Amino acid sequence: MQPIKKNIVMITLLGMAGLWSIKTRAQQDFVVTYAKVNPDLLPNNLKLLIVEGNLYNAQEVKALKAKCNLVLAYISFTEISKDDEDYKNFAPYTMGENETWGSCYINLKDNRALNLMKEHALALLQKGFDGLFLDTMDNVGAWGNLPELKNEVLHLIHTIDQEAKPNIWVQNGGLDLLPKTHQLISTVLVESVATDYNFKEKAYRLRKQQDFNQRKQQLLQAKDEFKIEVLVVEYAIEEEVTQQVHKRLSGLPFSYFVSNIALNQYKQ
């Protein structure tokens with residue numbers, strides 16, 4: 001999932017135990033949107049909404065929570081967009097660039113950057129969000145671009161949890177980190193299990209069946225081993241592809257959400 005730019009959004013939940021697991025068919029229990037969202041445009045009975053917290057004040061967060069069971073603020077501990085209003089604060093601590101999204105990596109080895117990120121997370125939670133959505137966790141996984149920052153990211157999670165005690169954490173990707181995070185992380189969101197968006201061609205397409213089967217089994221194994229709930233975000237705009245996504249994911253113990261790659265269909 002791309003690091004947040006201007007106008008971005010995302011989601012969460014209350015009694016996690018059993019809330020998702022009772023759903024065995026396709027469910028739109030959650031929404032992820034990368035535009036400032038109008039609560040009136042959201043589907044009814046949402047369990048979880050994930051949003052870009054910088055776009056909202058405390059009163060607006062309260063309005064979102066009146067419509068959804070849980071509302072999470074997006075945060076990436078390892079990347080920041082040049083369009084982000086906090087970029088100027090993090091700019092002295094950036095190192096290299098994510099070529100896909102044009103965002104900058106953050107050097108969390110510098111204690112000043114580490115503390116700045118902690119304060120940013122705490123400020124989001126003080127607005128009334130139920131918890132945080134940890135994007136780009138794959139960066140510090142075994143096959144990511146920043147595995148050397150894994151300990152710093154884990155330190156941030158534990159420190160913020162102790163100081164703010166958020167109701168919920170949702171981790172985006174980083175399945176190989178679950179042995180270290182699963183005691184705090186109750187839910188994992190994974191993108192593009194059934195689909196495979198091509199960024200160079202800007203084309204929506206299905207993932208090859210063998211690849212899909214492998215990813216599906218990986219998620220089922222993680223769900224069983226770590227007793228976590230799994231959310232899936234798929235990218236499709238054509239009805240034919242969308243129906244194939246439903247066919248592949250229906251019946252699995254995952255809630256899933258299908259959107260365009262910009263994740264902006266609920267914008268004001």
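The values are calculated or read from the model by the stated rules, or taken from the named source; none is laboratory data. Because the structure is predicted, anything quoted here is derived from the model rather than measured. Backbone-built Cβ (ideal geometry, glycine too); neighbour counts: all protein chains shown.
Of note:
- Selection count, the stretch 177-187, where residues are in a helix (DSSP H, G or I) and either among the hydrophobic types (A, V, I, L, M, F, W, C) or within 25 Å of Leu206 (Cβ to Cβ) (or both): 2
- Number of residues in the stretch 31-59 that are under 24 Å from Leu116 (Cα atoms) and acidic (Asp, Glu) equals 1.
- Of all residues in the stretch 193-208, those satisfying the criterion of being surrounded by 15 or more Cβ atoms within 10 Å (Cβ to Cβ) and either free of Cβ contacts under 8 Å to residues at least 24 places away in the same chain or among the aliphatic types (A, V, I, L, M) (or both) are Val193, Ala194, Asp196, Leu206, Arg207.
- Residues (among the small types (Gly, Ala, Ser) and modelled with pLDDT under 95) located in the stretch 171-186: Ser186
- Residue that is modelled with pLDDT under 95 and aliphatic (A, V, I, L, M), where the choices are Ala142, Ala113: Ala142
- Set side by side, the residues Asp224, Asp211 differ, and just one is surrounded by fewer than 12 Cβ atoms within 10 Å (Cβ to Cβ), at negative phi and assigned to a helix (DSSP H, G or I), which is Asp224.
- Filter result for Glu225 (within 18 Å of the chain's Cα centre (by Cα), among the acidic types (Asp, Glu) and modelled with pLDDT of 95 or more): no
- Among residues of the stretch 68-86, those that are surrounded by fewer than 18 Cβ atoms within 10 Å (Cβ to Cβ) and either over 22 Å from Ile160 (Cα atoms) or more than 20 Å from the chain's Cα centre (by Cα) (or both), counted: 2
- Residues considered: Thr187, Thr181, Thr242. Of these, the only one that is among the polar types (S, T, N, Q) and over 27 Å from Leu122 (Cα atoms) is Thr242.
- Candidate set: the stretch 35-82, residues that are part of a loop (DSSP other than H, G, I, E, B) and at pLDDT 90 or above; chosen: the one farthest from His155 (Cα to Cα): Lys36
- Any hit, the stretch 202-216, residues being closer than 29 Å to Gly131 by Cα and among the hydrophobic types (A, V, I, L, M, F, W, C): no
- Among residues of the stretch 85-113 that are under 29 Å from Lys200 (Cα atoms), those with a Cβ under 8 angstrom from a residue that is aliphatic (A, V, I, L, M) and loosely packed, with under 15 Cβ neighbours inside 10 Å, sequence gap 6+ or separate chain, pair up as Cys104/Ala91; Cys104/Met95; Tyr105/Met95; Ile106/Met95; Asn107/Met95.
- The set of residues from the stretch 105-123 being crowded, with 16+ Cβ neighbours inside 10 Å and part of a helix (DSSP H, G or I) comprises Ala113, Leu114, Leu116, Met117, Lys118, His120, Ala121.
- Residue satisfying condition, being in a helix (DSSP H, G or I), surrounded by 15 or more Cβ atoms within 10 Å (Cβ to Cβ) and aliphatic (A, V, I, L, M), within set Val230, Val245, Val190, Val170: Val245
- Here Ala142 passes the criteria (1) part of a loop (DSSP other than H, G, I, E, B); (2) under 17 Å from Lys36 (Cβ atoms) except the one numbered (2).
- The stretch 145-167: number of residues that are without any contact (Cβ under 8 Å) to a residue 12 or more places away in the chain and part of a helix (DSSP H, G or I): 3
- Screening Tyr93 against (1) under 21 Å from Trp169 (Cα atoms); (2) touching a helix residue (DSSP H, G or I) at 6+ places or on another chain (Cβ under 7 Å); (3) not aliphatic (A, V, I, L, M) leaves a single unmet condition, (1).
- Considering the conditions (1) at negative phi; (2) outside any helix (DSSP H, G or I), Gly102 is excluded by exactly one of them, (1).
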